[in-house]
Amino acid sequence: MPLGELYDPSRGFLVNDTCVVEADVAVRKVADYWSHDSKKETGYVGLKNQGATCYMNSLLQTLYHIPYFRKAVYHMPTTENDMPTGSIPLALQSLFYKLQYSDTSVATKELTKSFGWDTYDSFMQHDVQELNRVLCEKLEDKMKGTVVEGTIQQLFEGHHMNYIECINVDYKSTRKESFYDLQLDVKGCKDVYASFDKYVEVECLEGDNSYLCLDMLGKAICFLHGVNLEVMVFLTWTTMLNDARKGVLFIDFPPVLQLQLKRFEYDFMRDTMVKINDRYEFPLQLDLDREDGKYLSPEADRSVRNLYTLHSVLVHSGGVHGGHYYAYIRPTLSDQCIYWYWSSRFKFDDERVTKEDVKRALEEQYGGEEELPQTNPGFNNTPFKFTKYSNAYMLVYIRESDKDKIICNVDEKDIAEHLRIRLKKEQEEKEQKRKEKAEAHLYTVIKVARNEDLVEQIGRDIYFDLVDHEKVRSFRIQKQMPFNVFKEEVAKEFGIPVQYQRFWLWAKRQNHTYRPNRPLTYQEEAQSVSVFGFTNFKLLPEACYMTYGLNSYQHATLVPDHKYGLCSNICRKLFFSGCWQVGQLREVSNKANNAELKLFLEVELGPDLQPVPPPEKTKEDILLFFKLYDPVKEELRYIGRMFVKGAGKPMEILARINKMAGFGPDEEIELYEEIKFEPNVMCEHIDKKLTFRTSQLEDGDIICLQKYSEVASEQCRYPDVPSFLEYVHNRQVVRFRSLEKPKEDEFSLELSKLHNYDDVVERVAHHLGLDDPSKIRLTSHNCYSQQPKPQPIKYRGVEHLSDMLIHYNQTSDILYYEVLDIPLPELQGLKTLKVAFHHATKDEVVIHTIRLPKQSTVGDVLDDLKTKVELSHPGAELRLLEVFYHKIYKIFPLSEKIENINDQYWTLRAEEIPEEEKDLGPHDRLIHVYHFMKDTTQNQVQNFGEPFFLVIHETETLAEVKVRVQKRLQVPDEEFAKV
């Protein structure tokens with residue numbers, strides 16, 4: 001500040017030789033974003049963003065905070081059998097209930113799924129106005145025939161009258177139309193009132209734009225009956241053309257007035273959509289009766305006071321290609337509009353809800369430019385201004401006279417009983433999960449697999465290993481609970497007395513199989529559950545156990561590398577004597593605080609099928625599990641378990657195995673050991689003459705058996721256990737979709753991952769009833785975009801089906817197909833080009849697909865194109881251009897080969913060669929014309945529109961050239977004046 005201003009008495013800085021300094025101090029609480037509790041701070045909760053659903057969240061919050069609308073949604077009839085993902089009313093009821101009673105942010109996935117959206121749609125921003133209208137239309141349709149029928153119209157529907165009034169003739173045409181929202185111009189308008197003035201602005205129709213009054217035609221013909229025909233036609237036409245006034249007036253406004261601000265519009269000069277960031281003010285109180293009801297039609301009911309109070313401001317922050325949406329909402333309306341400054345205003349920004357002051361909620365959403373304060377006030381610096389890209393795009397006003405009706409009380413009695421029960425149950429389950437998560441460190445989960453689980457799962461849910469632990473009975477047990485007490489819980493659950501229970505620990509082997517490893521000892525069962533906080537064991541070499549000083553262990557058998565994937569000096573399995581403590585086992589669980597314990601419950605049954613005490617297990621005893629395979633039915637099932645002696649031989653127990661399988665005692669059977677299934681299946685034949693120990697069979701191993709039959713090996717698809725397991729391992733059900741309908745599953749086929757290209761297309765062709773499989777072209781699935789990959793699979797371009805289904809590190813079960821008109825190998829020998837043909841006299845562009853041999857020339861392309869398009873005259877000549885980023889880069893010579901022409905990134909444009917270009921004078925020039933604009937914010941030049949060639953003559957002035965360019969572009973004078 002200059003000293004002259006400081007000493008100036010009129011400025012008020014110096015009073016009685018004292019310098020007066022005034023300062024505005026704003027005290028704000030420093031908020032931690034991550035620890036912010038919206039419910040605690042504001043009483044409201046937000047909505048979770050699925051990726052790009054902030055626009056939807058802002059609209060849903062606005063609708064939710066119109067209590068009359070919320071109550072109507074609650075009263076929509078739904079049933080307890082409805083599913084939220086398939087019912088928009090139920091999904092919206094569920095969402096509103098959670099917003100009203102939940103303590104944390106609410107997910108919107110059920111609602112979007114009820115819209116029919118997939119994950120891809122959730123990452124795409126849609127138009128808010130369109131979403132609002134579609135949602136209201138769906139709800140309006142569902143409300144028909146119910147107690148809330150007509151609610152949408154009662155809240156949001158208004159009516160206006162379009163009129164045309166002749167000036168010189170006593171004639172007026174009117175048409176009544178309804179609206180749910182109003183689109184108001186922002187460009188050229190300073191505020192909402194200016195937009196309404198423009199909305200009802202009268203347009204004069206005169207001169208060439210006179211009104212053609214068809215209703216006057218009958219009167220004119222009757223009046224001129226008998227007059228000369230030519231005179232009658234002239235007089236009738238002049239009678240029908242009248243100067244007129246055209247406009248719009250409002251018959252009535254709705255209780256809830258939704259104003260869509262036209263922040264986005266199409267710019268003809270730039271040939272693109274742009275966002276209007278101009279300053280645009282909106283009042284806290286909107287009076288639509290002002291100036292003696294200038295917006296109302298003569299038929300309007302003047303007894304209704306159209307005075308509105310601002311309820312919500314929906315904001316868009318960003319540009320035309322994307323941005324962020326949020327809303328400022330005033331949930332409760334006070335008696336006086338001025339109370340807005342003291343009543344609560346909240347910002348609903350996805351999951352976060354905060355209190356905001358009036359300046360941030362309103363004035364900062366006007367848009368326009370903001371001026372930064374000068375850093376050196378003593379100097380005459382030009383202030384720096386920047387455009388504010390955050391501004392209001394939708395306003396919601398509520399009529400004062402309807403305020404008490406709309407801002408009503410909504411409580412639980414407005415919610416259907418079945419909905420309350422369902423949602424309360426969901427809330428309780430969610431709270432229980434939260435509680436369990438908080439107390440997880442105090443508990444462990446014990447999953448108990450039984451013989452019944454193996455019978456139920458093997459051959460149905462699983463084929464390899466013994467059980468899916470996710471489908472067995474789980475017990476959530478306090479870690480300090482004695483194991484014997486846990487056994488009592490098991491006795492209550494399964495009805496197996498404690499003395500008949502024996503539990504085995506499961507171990508994950510290094511070949512990725514999961515098998516019962518050893519039974520718990522009496523000493524281990526005397527411990528608390530906490531000592532079992534592990535899911536598998538570290539397998540150590542024998543030398544390590546000698547170092548740890550173990551006094552008793554069973555000698556570990558060394559096995560070949562190829563069978564178990566272990567080093568030759570690593571033992572396959574460890575057995576521990578009863579004196580060894582479980583707590584000493586090395587824990588390798590990946591779950592730090594909630595390790596799961598997996599157990600197998602062994603229950604032995606006597607002749608009367610009642611439980612008996614388990615037999616004592618010695619070091620020589622081996623527990624084996626048996627599966628039976630039927631090659632005719634292609635079925636595999638679990639038939640039981642058995643203890644055998646390590647020194648015994650399979651041939652000694654064949655009668656027992658046959659009895660278990662339900663065969664006669666002398667049935668000849670084949671035995672196989674199921675060793676592993678990842679990454680490849682390993683199932684080896686067992687020599688019945690060798691001992692179990694020699695065959696390297698130990699506790700938890702699986703033996704698969706089948707009847708011996710030479711006939712089966714000839715007539716069955718999978719004659720033995722290894723071939724069947726190989727089939728199951730590589731079996732893949734593939735969902736096929738037509739490339740024209742990429743979101744709809746058309747059919748499914750069971751294939752093998754090892755099928756080659758020909759196998760797959762033959763199966764598809766057979767299903768479609770197509771004789772020639774080579775006409776099938778397949779395209780892989782993109783797991784990230786959930787769309788077909790841009791390039792199809794080449795003929796025999798992949799080795800196996802598994803290669804078709806993989807996308808980076810993810811595997812899909814979807815393939816897209818298309819039926820070609822020619823075989824794919826032949827098609828791949830051709831070059832396919834997409835050419836955009838621009839008609840010489842019509843304003844149209846048609847894309848044509850040209851398919852020619854790769855050795856063809858550009859001239860061949862144009863000759864083929866001539867047979868498909870309409871030319872301005874028979875002798876017209878064509879040329880082919882390469883266009884990129886709205887500029888012409890090349891005119892292709894007619895002799896150029898098409899093999900190397902790329903139409904994936906560049907546009908190929910074909911057009912007729914104008915006659916004036918064929919006869920260029922020696923001083924004439926053919927120049928390239930393209931459209932561009934300067935983006936001052938980014939200091940860049942951007943091209944747009946369709947480029948073209950223009951002949952410039954030597955004597956032509958720039959003004960004459962501009963006239964020809966304007967005529968070519970057909971741009972109005974006022975728009976072209978900006979060029």
Loop-located trypsin sites (Lys or Arg not before Pro) in the stretch 744-837 whose Cβ has at most 14 other Cβ within 10 Å (DSSP): Lys794, Arg796
Potential extension, Thr955-Tyr718 segment - 0.36 nm per residue separation minus Cα distance: 76.5 nm
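Express in nm, to one decimal, how much length is gained between Arg656 and Asp860 on full extension, taking 0.36 nm for each residue of separation and deducting their alpha carbon distance.
Working: separation 204, 0.36 × 204 = 73.44 nm, distance 8.04 nm.
Taking Arg656 through Asp860 to full extension adds about 65.4 nm, to one decimal.
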Amide hydrogen neighbours beyond the local backbone of Cys408, cut-off 5 Å, H modeled: Tyr68
Computed E for Leu820/Thr691 - FRET, C-beta separation, R0 60 angstrom, nearest 0.05: 0.45
Residues whose placed amide H lies under 5 Å from that of Ser738, excluding near-sequence neighbours: Glu746, Tyr817
Cα gyration tensor category, rounded, prolate or oblate, for the stretch 728-821 with a/c compared to 1.5: rounded
Relative contact order of the stretch 639-714, defined on C-alpha pairs under 8 angstrom at six or more residues apart (%): 34
Other-chain or far-sequence residues with amide H under 5 Å of Tyr393's (modelled H): Leu314, Val315, His316
Estimated distance in nm for a label pair at Arg964 and Glu620, the labels positioned 7 Å out from Cα along Cα-to-Cβ: 11.1
Percent RCO, i.e. relative contact order, over the stretch 728-821, from Cα pairs under 8 Å lying at least 6 residues apart: 34
Label-point separation in nm, Asp903 to Asp191, each point 7 Å along Cα→Cβ: 5.7
Dipole in debye (nearest 20) - the stretch 728-821, about Cα centre, beta carbon charges: Lys, Arg +1; Asp, Glu -1: 320
Long pairs among Lys176/Lys405; Lys789/Lys854; Lys71/Lys405; Lys190/Lys388; Lys172/Lys246, criterion Cα-Cα beyond 20 Å: Lys176/Lys405; Lys789/Lys854
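Starting from the coordinates of the alpha-carbon atoms of the stretch 1-109, obtain the Kirkwood hydrodynamic radius over all distinct pairs and give the value in Å to one decimal. Walk me through the numbers on the way to the answer.
On the way: mean 1/r = 0.0540 Å⁻¹.
Radius from the Kirkwood sum: 18.5 Å.
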Cα centroid of the stretch 698-757 to Cα centroid of the stretch 763-822, whole Å: 20
Of Leu628, Met660, Leu705, farthest towards positive along the dipole that unit charges on Lys, Arg, Asp, Glu beta carbons give the stretch 617-719: Met660
Whole-angstrom gap from the stretch 606-624 to the stretch 627-660, using each part's C-alpha centre: 17
For Leu852, net neighbour charge (Lys/Arg +1, Asp/Glu -1) across residues whose Cβ lies under 14 Å away: 0
FRET efficiency, Glu799 to Glu678 (Cβ-Cβ, R0 25 Å, nearest 0.05): 0.75
Rg(Cα) / (2.2 N^0.38 Å) computed for the stretch 617-719, rounded to two decimals: 1.07
Computed E for Arg925/Glu744 - FRET, C-beta separation, R0 45 angstrom, nearest 0.05: 0.25
Local electrostatic count at Ser752 - Lys and Arg +1, Asp and Glu -1, tallied over other residues with Cβ under 12 Å: +1
Full-extension gain in nm, Ala440 to Thr849, via 0.36 nm per residue minus C-alpha separation: 141.0 nm
From phi via Karplus (6.51, -1.76, 1.60), per-residue ³J(HN,Hα) for the stretch 495-501 in Hz, x at Gly/Pro: x, 10, x, 4, 5, 9, 9
The stretch 795-850 shape via C-alpha gyration tensor axes, a/c threshold 1.5: prolate
C-alpha center-to-center spacing [the stretch 946-964, the stretch 258-280] in angstrom: 32
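Values quoted throughout were computed directly from the atomic coordinates according to the rules given, and no laboratory measurement underlies them. Keep in mind it's a predicted model, so treat the numbers as computed, not measured. Counting neighbours? That spans all protein chains shown, and the Cβs are built from the backbone with ideal geometry, glycine included.
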